[in-house]
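First up is the structure itself, then whatever we jot down about it.
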Amino acid sequence: MTRSLALSLALIVTAAPLANAAETAPTDVTYTDMAVTESLTGQPGDPEKGREVFADRSLGNCLACHANKDLSGQLFHGTVGPPMDGVASRWEPGQIRAIVANAKQVFGEQTVMPGFYTLDVGVDVAEKFKGKTILTAQEVEDVVAYLGTLNGE
């Protein structure tokens with residue numbers, strides 16, 4: 001094996017784990033001043049995918065609690081949480097990320113909003129969901145990017 005081929009193979013083998021190294025584990029998310037300032041993935045969120053997650057009743061199920069004029073074609077918007085219209089003018093992206101990842105870190109234990117990127121989800125969790133987050137780190141980033149588009153009232 002030539003030296004350049006061996007070096008190339010070594011770079012490929014050592015670089016492969018780095019592709020996912022940027023993702024922050026749910027237990028390593030840092031909340032500072034009601035915000036998570038760093039991306040959970042090191043990748044930008046996709047607002048279209050975030051819109052899908054927000055509307056998906058089997059993923060985020062955000063519409064169960066939040067009204068959202070952008071998704072007015074969807075039925076049964078909730079009123080438990082605040083409307084999402086204009087959310088980007090009320091919160092910075094890092095604050096939105098913190099709220100989506102684990103609202104209890106921002107609003108305290110009294111909030112009914114679940115943590116979507118935390119393993120601390122309560123005591124009566126179905127066995128198949130133990131040790132798992134509701135959303136992936138990238139789905140959180142996608143939702144943050146989508147909510148960042150909701151500037152108007």
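FYI, it's all coordinate maths here, none of it is from the lab. All of these numbers come straight from a predicted model, not from anything done at the bench. Here the Cβ positions follow ideal geometry from the backbone for every residue, glycine too, while neighbour counts run over all protein chains shown.
Here are some notes:
- Residue within the range 32-52 that is polar (S, T, N, Q) and under 30 Å from Phe76 (Cα atoms) present: no
Results for (1) in contact with a Leu (Cβ under 8 Å, 6 or more places away or on another chain); (2) without any contact (Cβ under 8 Å) to a residue 24 or more places away in the chain; (3) of a type in the set (Asp, Glu), shown as yes or no for each residue.
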{"site": "Asp33", "(1), (2), (3)": "no, yes, yes"}
{"site": "Gln43", "(1), (2), (3)": "no, no, no"}
{"site": "Pro47", "(1), (2), (3)": "no, no, no"}
{"site": "Val53", "(1), (2), (3)": "yes, no, no"}
{"site": "Gly60", "(1), (2), (3)": "yes, no, no"}
{"site": "Lys69", "(1), (2), (3)": "no, yes, no"}
{"site": "Ser72", "(1), (2), (3)": "no, yes, no"}
{"site": "Leu75", "(1), (2), (3)": "no, yes, no"}
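- Selected residue [in a helix (DSSP H, G or I), over 18 Å from the mean Cα position of the chain (by Cα) and among the acidic types (Asp, Glu)] from Asp70, Asp124, Asp142, Asp85: Asp70
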